[in-house]
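The structure under discussion appears below in the form of structure tokens.
Values quoted throughout were computed directly from the atomic coordinates according to the rules given, and no laboratory measurement underlies them. Just so you know, these numbers come straight off a predicted model, no measurement behind them. Glycine also receives a Cβ, built like all others from the backbone with ideal geometry; neighbour counts cover every protein chain displayed.
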Amino acid sequence: MSQAPYRSPVEVLLVEDDPHDVELTLHALHGAKLRNHVHVVRDGAEALDFLQQHTPDLILLDVNLPKVDGRDLLKQIRGDERLRHIPVIVVTSSAAEEDFADAYVMKPIAPAVFLKAVNAIGQFWLEIVRLG
Amino acid sequence: MSPLASKPIEILLIEDNPGDVRLTKEALKDARVSNNLSVAMDGVEALAFLRKQGKHAGVPRPDLILLDLNLPKKNGREVLEEIKREDSLRHIPVVVLTTSQAEQDVVESYRLRANAYVTKPVDLEQFLKVVGSIEQFWLEIVKLSRP
């Protein structure tokens, strides 16, 4: 691959409160060619705690979250010099447009389609993109 | 999922190398999602296209931009900076597609709010695979902001 030989595994932060979606995402990313390590947090406050101590390579973010919601979390990430370069993929079931994310993915309802979407995210962001 | 839109997805490729333009066209021609590729060969032309200036008055607004960094007249970093500074353009996803592997270019591109940084492979088969993956993620999966 074109990917420069940089450290692996790629550290992914998944911010998602739906256990079923967490399971599907982990399953899909487990099959990605590039070794990755997924940290799962269930709400925005937990995500902020995690980000205070870690700098993941990629963030997958559900918008509707308990406690600190995804929009606020995104604003805090973009306002932080240490975190702002991290690509954030918003995975959402809401149709509202946001301004801060690098990509919006509508969460498909059918599990097979959901898996296909996460596979495509994994292939593009883990195998093709050069992360910062 | 991105809807299989009735209107083709508009892509602007900002690239001065005719070989890479031809290959990108080739790779996108067979995409599952119908798309329309426009090409700007330098940074000045790219911004004129995006601002619909001069001969670009009637052009469609792109849904996705593929941007090379080393361009004549105005380089890709300046183009990126201007796109992300303009309210009417900043929501358009910009994928930097470049031969540069320099860490400095990667960091600088993300700092200027590139949506993704992709290194252009020299190998033909790999190049087609990369464009295919860009197509799959950005055209089929992502919900693009469309007027």
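Please list, in chain and number order, the residues 5+ apart from residue A:37 or on another chain whose amide H is under 5 Å from its amide H, with Hs placed from the backbone.
Counting only residues 5 or more places away or on other chains, the set is A:10, A:11, A:12.
Provide the percentage of antiparallel DSSP beta bridges, counting only those with both residues in the protein assembly as shown; round to the nearest 5.
Antiparallel bridges: around 5 percent, rounded to the nearest 5.
Mind checking the mean number of beta-carbon atoms from other chains within 10 Å of the Cβ atoms in A:114-124?
Per residue, the number of nearby Cβ atoms from other chains is 4 on average.
Summing -39500 (n - 2.57) over the DSSP H runs of n ≥ 4 in chain A and dividing by its residue number, what mean residue ellipticity at 222 nm do you reach, to the nearest 500 deg cm²/dmol?
After summing the helix terms and dividing by residue count, I get -10000 deg cm²/dmol.
Order B:39-52, A:23-36 from most to least packed using the mean count of other Cβ atoms within 10 Å.
Working: B:39-52: 20.0, A:23-36: 15.9.
So the peptides B:39-52, A:23-36, ranked by packing, come out B:39-52, A:23-36.
Considering segment B:43-147, what Rg and Dmax in Å follow from its alpha-carbon atoms?
Spelled out, the Cα radius of gyration and Dmax of segment B:43-147 are 13.9, 38 Å.
Which loop-located trypsin sites (Lys or Arg not before Pro) does segment A:36-132 contain, where loop means any DSSP state but H, G, I, E or B and the Cβ has at most 10 other Cβ atoms within 10 Å?
Answer by residue number: A:82.
Using the Karplus curve 6.51 cos²θ - 1.76 cosθ + 1.60 with θ = phi - 60°, work out ³J(HN,Hα) for each residue of segment A:21-38 in order, rounded to whole Hz, and write x for Gly and Pro.
5, 4, 4, 4, 5, 4, 4, 5, 6, 4, x, 5, 5, 7, 4, 9, 10, 9
Which far-off residues, 5 or more places away or on another chain, put their amide H under 5 Å from the one on residue A:105, with H placed in the peptide plane?
A:90, A:91, A:92, B:143
Under 5 Å between amide H atoms, partner at least 5 residues away or on a different chain: which partners does residue B:36 have, H built in plane at 1.01 Å?
Here the answer is B:9, B:10, B:11, since their amide H atoms fall under 5 Å of that of residue B:36.
In terms of Cα to Cα distance under 18 Å, which lysines are near enough to residue A:33, apart from those fewer than 8 places away along the same chain?
Here the lysines satisfying the reach criterion relative to residue A:33 are A:116, B:129.
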